[in-house]
Each structure stands twice: as C-alpha cells, then as structure tokens.
There are 2 protein chains.
Amino acid sequence: MKMIDFAVHSGEWLRGNGPESDIVISSRIRLARNLGDYPFIKRCTDIDKANIESTVGQHLKEHANLSDTFYFNVADLEQLDRQFLVERQLISREHADGEGARAVAIDKKEMFSVMINEEDHLRMQVMKSGLDLQNAWNQITEIDNSLEEKIRFAFDAKLGYLTACPTNVGTGMRVSVMLHLPALVFTRQIEKVFRSLQKINLAVRGLYGEGSQAMGDFYQISNQITLGKSEEELIDQVTDVVPVLIGYERKARDYLVNESQNDLFDQVSRAIGTLQNAQQISSEETMHLLSKVRMGVNLSLIQDVDIPTVNKLFIHTQPAHLQILNGGELKSTDRNVERALYLQSHLNSSDGGPSEEN
Amino acid sequence: MKMIDFAVHSGEWLRGNGPESDIVISSRIRLARNLGDYPFIKRCTDIDKANIESTVGQHLKEHANLSDTFYFNVADLEQLDRQFLVERQLISREHADGEGARAVAIDKKEMFSVMINEEDHLRMQVMKSGLDLQNAWNQITEIDNSLEEKIRFAFDAKLGYLTACPTNVGTGMRVSVMLHLPALVFTRQIEKVFRSLQKINLAVRGLYGEGSQAMGDFYQISNQITLGKSEEELIDQVTDVVPVLIGYERKARDYLVNESQNDLFDQVSRAIGTLQNAQQISSEETMHLLSKVRMGVNLSLIQDVDIPTVNKLFIHTQPAHLQILNGGELKSTDRNVERALYLQSHLNSSDGGPSEEN
C-alpha cells in the first residue's frame, strides 16, 4: 500500500452523496479510549507505547469488519506521507509530529480510522458523507464494543471513560459536522451565527481542527462538553442544531440568488475563470475560489462541473496530496505551478474533468 | 450616417498594422489654426461662430481628398454620440461639452478629422497606426496647404500661426504618439522614464489627453514647445525619442520573459480568464486586464486572440461605444453586465472572436 493509491481516490466522506451534502460535507464521531493497564501517554515509557501499539494494532487487525484495513506505523512514514494523512483528516497534526511508537489503522473506504498513541491510547473516528451522525454512531459504537470485548478500557463508574485531558472525560466523544457556509460568509452573517453556537457550548473550528483557520468557508461544528451527558444526548445536540444552520445558509443563498444575482454569478464565474487560467496558485487561494465554485454548482450557476469533482479538488490540491500525485517532493513555487496545471486539467474539459480516478 | 455605423468599425489607427505597432498604438499630428478675419473663440459672438463653422465646413466639404467625409454639428448631437466621438479620439472633451456652433469633420477611415470652434477655430489632426509620424505630417500638411489657399489664417511673420492659447503659438502643432508600455509599468520603471522625458520638454498624458489617467498602460508622449522650432524639428524630436522608449519597453518585456516567466504567464492567463468569465466588469478593470492580454499576445503567451481584436475591445468597451453598440442608453450597472457579455462573445470563440465587424 502506497500513499499514491490512497491519493488518487477520495475518501467516502468526500463523495458528496450523503444527506444535505450541498451544505454538510461530513459527519464525524470520535471516541477517545485508554487501556486500563497502562498510564496515559505522557507517563508512558517507550516500551509502554510499543506494547500499546502492538496490542491495539493486533486487535484492530483481527476485527472482523476491518479485513480491508490499512495499518501504518506513523514513525516509519516519510514526512510527506504523514502530512498527506493529516490533509486527508485521517490523523491529527499532533499525531503526525508526535514521538515514539504510534500508528493509524484506516479502513479502505476511509470511513473508519483509529489513531494509536495520540493524546489518548486510542482515538477512533467514523466519518460519513453529509449529515449522517446516526449511522456514524451506529458504526463506531459497534467497533468500540467489539474492541471492548478484548481490551479493558480505563473506565470509572461515576466519571465514565477516563482520558488524558479532562475535557474528554465521560463519553470520550466528540461529535462534529463539517459545513460549507459560503453564503453566510458572503452576507457577513457568519460571526453572528458562531456567537450563538458558542452560547450553547458548541465549538466552531476550521477545516483542520483546533486553531486552524476556516479556509474555503468550511466550518467544523462540534460539542465542547463530553461529561454529564449521554452519547445520544451529545449526538442529538449537534443533530438538532445542524438543520438550523442549514436553514440559515439556504436562506442566505436564496437571498443572494434573488437580491444579488449579478454579483453572485460574477463572483462564481470569475472564480472558475481564475482556477481554469491561473498558471500558479496557492493552496489558500485555490480553496477560496473552489468554495465559490462549489456554491455556484449547488445553485446551478455552473453546469459543467460536479460536486464530487469540486470536493476532490479541495483535497487533491493540498500540498502533500499534490506532491504525492505528482510523484515526489516539490518546493512551494513549483507546487503552485503544479496546482494550477492540476486544476486546469480537471476544470477545463467539458465534462468537469477526468472522472476515472474517482 | 449614424454613430452605430462608426461604432462597429474601428478607426484605421486601431488596426494595429502600422510600424512597431506592438508598442506604438498610433501617431498623431494636430495643427491649430484660426481665421484671420475673426477674433479668437472666447471673443466670438454667436454669429461669428456660426459664420466660422459654415465657412470652414464649406471648404472642408469641397476639399478634393475629403469626399468621403462625415460632418457633424456637435451641438445637434446627443450626449451619448458626443461621448462616443471623445472615446474615439475624434473630438476633445472640451469640444463635446462646449457651447455654440461647432462641428467636426471626419474622413471615413478616421485618419483625418477637424474640430471647428474648439479652443481654436480649427483643430485638425491626422492619426496613423503605429509609428508613422512622417506620413501623418505629409498628409496633414497637404490638407493644411489646401485649406490655406482658400482661408486666410491668422499668421504673424515673426511669431508664426496665432492661437488662442500662447502655448500653441508658432507652429500650432502637437506631435504625439500613443505607446503601450505594460512591461515598464510591471517592472516599475515607468516613472523614471517619464521624468527623463519631462527633462527634454516632452509631455506624458493618459489615453484621453491632458489630465486623464493612464489607463490600460497607455501613454501619450507629445511635444510641449511649439514656438521657435520648425515643424520638422518638432517631429524629429518625438521621432528620435520613441525608438528609445520602444527599446526600454522591449528590454523590460525580455526581462519579464526570461526572469519572471511564471509570474508573467500567470498574470496574462488570469487576465484573459477574468475577461472571459466576468459577468459584470467596469471599464477601468477591462482596460487594465486587456493591457495584460495585449502584452501576452505580443509575447506569444496567448495564441488564439489577435491584436486587432484586443485593440477593438479597448475602444468598444468604453461606455458610449458599448451603449451605441447595444442600441441605447444603459445605466452604469447594466453597462457592466453588457460589457462582460461583449467581452465573452469576442474572447471565448476559438478564433479570438467574430471578425466580420472589422
């Protein structure tokens, strides 16, 4: 298994065929678990870490539903491959940059992945296209239960699951959805929306998690509280609020279509014109322009590009993806040229680019 | 004769087939003359003006080489038609906005035109494509001589031709060339070049004469002195300096091609991408982008657009041209939409746009 085989495909969550996928990119549930027989990561010896890695890895490999699972020892990976997995949302930056024995298991469809020895011994996640938290929950809880039959997780009858950071104690769960909210950004309502989310204890982050900037008008909404509520309550909280946000975004899009048709169509057309014609382009500008194109496709202002192509371009034009697709390391200026060529080749053909890769 | 018949054609000077026409758009010689039997315009009565107009107009219409001449009484023209003639460089803004009997005679190829009752009784000009001052001079002097056989011009043996403004006394001549200098702008050398031109008493102006901003990297270089030198000396002064400026611009273009190929190609490609895709666009932005496209065509970075098309787009996307081509008055926001559609239709076809108009 080489990263290039991953790279030419897009994760299941990017296919854009899930519910409400014009606005909801993906639904994700993450569970943090620790082995009862070992100290938390910060107090682990190198030998502890190696043992945890091999124990959990063995169980994951044996897990019946994970026969098609890829398993990477992160420490053995090239820097470029680690960055690739970060861009792919399969490991965190911290896991990529960490030390000692650590691994990631990823199922072939990239719906399920487990980081071993990140902040906690296990960080498992299920990611689905569109708004599909219930299925994500069904899937992750089944895997969690299956692992728990073989591994004794650190658990306190009163507190629940014990985790390295107190903010995760209890369910160890983070429920999140990635939303594409270009019209709320365009109409300058996004800050107001976020302030109201914070009031009900939901966190808002950019595409690449905590501290990352919201690029391409993508925003990740997640629960901040994991203690004192059941998993179902946490899921419900996010599940209840997302339709409200979808409603706001749809209303903002309607407003733009009705009241600013010219401006909107102009911006969308210019965006695709620049993507089709630039001879060098940064990742940031690409995301910014692709975001407008994505909204344009969803509003039928652009006919000959489809959402899976746009979703794919978002991820394939990230620096590590681009380099792996191109066959090796490139310095930043060369990446900008390669990115422009890649965009041209996928946006200039009449059918919205080659689709054989997907 | 309606303006629309003018509008769909481009003036001879815009055909881009003259010498050095990658850089020199046009060469122009203007002569100021006044009738000895009347006071200068500011002291003319309405009757004086009417008499001057009819006298000069009659002679012009009878002039053997001007059988194909159009003659407009400017006061009778709609505001839009006057603005059209200003954009076309056939009359000045002052002539458009003036008062009383005034006219303009224009030959069919738009090489020759005479304003009657502008600042002086006669302002005649010959405009040629590319660097072609000698032919412009031959042509205008022949017309001037022919008129002088019939009209007694205000002339002083010592001072030469007498004009309303002392700066024109002597030859009454202004020699000018319009240059397209995008590489000198791109490489930030333009100010330095202009300072050295001012030292040798040459004036630098934008596309639409005195006080107008240099839009689209077009600059008009002309003599400031008309007294104490012969016509030939004035022509020689401009003729001598233009090849130096052409050399600077060519050198700057070579530098860009060799040292900033990526940046240059990127900017040129983005420019045409925006022009092909914008759904609304101002006149200023259009000129700014067309300037880059023009340089790109001249440097063979763009293959499927030709210089006559680009030259035509510069003038046809001006506000009055656009409205006349579109069949009537449009408010500014509608013009921006029409301009975008016009650009699309002329830049998106594979042969660089319909050419039957030209």
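The values are calculated or read from the model by the stated rules, or taken from the named source; none is laboratory data. Source: prediction; values computed, not measured. When we count neighbours, we look across all protein chains shown, and the Cβ atoms used for this are built from the backbone with ideal geometry, even at glycine. Surface areas here come from the heavy atoms of the whole protein model, side chains and all, with no ligands, DNA or RNA. Shrake-Rupley method; radii C 1.70, N 1.55, O 1.52, S 1.80 Å.
Of the helices (runs of 4 or more DSSP H) contained entirely in the stretch A:176-284, those carrying at least 3 residues that are open to solvent by 30 Å² or more (accessible area, probe 1.4 Å) and away from chain B (no Cβ under 14 Å) fall at A:190-199, A:231-259.
Of all residues in the stretch A:4-22, none satisfies being within 16 Å of A:Ile106 (Cβ to Cβ) and at pLDDT 90 or above. Out of the residues in the stretch B:122-175 that are of a type in the set (Ser, Thr, Tyr) and outside any strand (DSSP E or B), which is farthest from the chain's Cα centre (by Cα)? My answer is B:Ser146.
For every residue, the table says whether it meets (1) acidic (Asp, Glu); (2) touching a residue at least 60 places away in the same chain (Cβ under 8 Å); (3) touching a Leu at 6+ places or on another chain (Cβ under 8 Å).
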{"site": "B:Ala7", "(1), (2), (3)": "no, yes, yes"}
{"site": "B:Asp22", "(1), (2), (3)": "yes, yes, no"}
{"site": "B:Ala32", "(1), (2), (3)": "no, yes, yes"}
{"site": "B:Pro39", "(1), (2), (3)": "no, no, no"}
{"site": "B:Ile47", "(1), (2), (3)": "no, no, no"}
{"site": "B:Ser54", "(1), (2), (3)": "no, no, no"}
{"site": "B:Asp68", "(1), (2), (3)": "yes, no, no"}
{"site": "B:Asn73", "(1), (2), (3)": "no, no, no"}
{"site": "B:Arg88", "(1), (2), (3)": "no, yes, no"}
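Selection of the stretch B:314-343 for residues being within 12 Å of chain A (Cβ to nearest Cβ) and open to solvent by less than 30 Å² (accessible area, probe 1.4 Å) yields B:Arg339, B:Ala340, B:Leu343. Selection of first residues in the stretch A:330-347 that are among the hydrophobic types (A, V, I, L, M, F, W, C) and at pLDDT below 95 and of second residues that are outside any helix (DSSP H, G or I) and open to solvent by less than 30 Å² (accessible area, probe 1.4 Å), restricted to Cβ pairs under 7 Å at least 6 apart or on distinct chains, gives the following pairs, ordered by first then second residue: A:Leu347/A:Val305; A:Leu347/A:Gly353.
Criterion applied to B:Leu90, B:Leu60, B:Leu77 was being touching a Ser or Thr at 6+ places or on another chain (Cβ under 7 Å) and under 21 Å from B:His321 (Cα atoms), and the one residue passing it is B:Leu90. Restricting attention to the stretch A:11-53, the residues being open to solvent by 10 Å² or more (accessible area, probe 1.4 Å) and hydroxyl-bearing (Ser, Thr, Tyr) number 3.
Selection over the stretch A:148-164 of residues that are within 15 Å of A:Lys229 (Cα to Cα) and of a type in the set (Phe, Trp, Tyr) gives a count of 1. Checking B:Glu110, B:Glu119 one by one, the residue that is in contact (Cβ under 8 Å) with a residue 60 or more places away in the chain, on the phi > 0 side of the Ramachandran plot, within 20 Å of the chain's Cα centre (by Cα) and crowded, with 19+ Cβ neighbours inside 10 Å is B:Glu110 and no other.
Scanning the stretch A:90-107 for residues that are without any contact (Cβ under 8 Å) to a residue 40 or more places away in the chain, open to solvent by 30 Å² or more (accessible area, probe 1.4 Å) and under 16 Å from A:Asp48 (Cα atoms) turns up just one, A:Glu99.
Matching residues to (1) in a loop (DSSP other than H, G, I, E, B); (2) modelled with pLDDT under 95; (3) within 19 Å of A:Asp5 (Cβ to Cβ); (4) not hydrophobic (A, V, I, L, M, F, W, C):
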residue	(1), (2), (3), (4)
A:Asp304	yes, yes, no, yes
A:Lys312	no, yes, yes, yes
A:Ile315	no, yes, yes, no
A:Ile324	no, yes, yes, no
A:Gly328	yes, yes, yes, yes
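Of the residues examined, B:Met295 is one that is more than 14 Å from every other protein chain (Cβ to nearest Cβ) and either out of contact with any Asp or Glu (no Cβ under 9 Å at 6 or more places or on another chain) or under 17 Å from B:Phe265 (Cα atoms) (or both). Tell me, please, whether a residue that is within 17 Å of A:Thr239 (Cα to Cα), touching a residue at least 24 places away in the same chain (Cβ under 8 Å) and open to solvent by 10 Å² or more (accessible area, probe 1.4 Å) can be found in the stretch A:152-170. Within the stretch A:152-170, not a single residue is within 17 Å of A:Thr239 (Cα to Cα), touching a residue at least 24 places away in the same chain (Cβ under 8 Å) and open to solvent by 10 Å² or more (accessible area, probe 1.4 Å). Screening A:Asn311 on (1) away from chain B (no Cβ under 14 Å); (2) free of Cβ contacts under 8 Å to residues at least 40 places away in the same chain; (3) closer than 27 Å to A:Gly11 by Cα shows it passes everything except condition (2).
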